[in-house]
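Below: one structure, written as structure tokens.
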Amino acid sequence: MEQDVTQQMDEQEKKTPERLQEKFAQLDQILADLQKKDISLEEAFARYQEGVELVKQCNAAIDRVEKQVQVLQADTESEAAN
């Protein structure tokens with residue numbers, strides 16, 4: 001089981017930072033778009049919705065990584081106690 005978690009973490013760790021950086025770049029672009037004076041209300045609302053969805057995805061990815069870190073810490077602590 002520990003090995004399965006480690007393998008999953010290795011695969012996700014390779015992808016998560018890149019995905020998060022891509023999502024953060026998209027959020028930066030959305031913010032820039034929303035600050036434009038010539039953006040229509042409809043376009044602003046659509047971009048806002050995209051931003052909200054991206055923030056949810058980022059939060060979920062960060063939560064997954066935090067849980068994985070907790071598992072690793074618990075494993076390390078239990079190994080150290082033995």
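The values are calculated or read from the model by the stated rules, or taken from the named source; none is laboratory data. Please read these numbers as outputs of a predicted model, since none were measured by experiment. Glycine also receives a Cβ, built like all others from the backbone with ideal geometry; neighbour counts cover every protein chain displayed.
Quick check: anything in the range 59-78 under 16 Å from Glu22 (Cα atoms), in contact with a Lys or Arg (Cβ under 6 Å, 6 or more places away or on another chain) and assigned to a helix (DSSP H, G or I)?
Of all residues in the range 59-78, those under 16 Å from Glu22 (Cα atoms) come to 59-62.
Adding the requirement that they be in contact with a Lys or Arg (Cβ under 6 Å, 6 or more places away or on another chain) leaves none.
Within the range 59-78, not a single residue is under 16 Å from Glu22 (Cα atoms), in contact with a Lys or Arg (Cβ under 6 Å, 6 or more places away or on another chain) and assigned to a helix (DSSP H, G or I).
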Options Asp28, Asp33, Asp38: the member that is at pLDDT 95 or above and touching a helix residue (DSSP H, G or I) at 6+ places or on another chain (Cβ under 8 Å): Asp33
In this structure, is Leu54 surrounded by 11 or more Cβ atoms within 10 Å (Cβ to Cβ), at pLDDT below 95 and not charged (D, E, K, R)? no
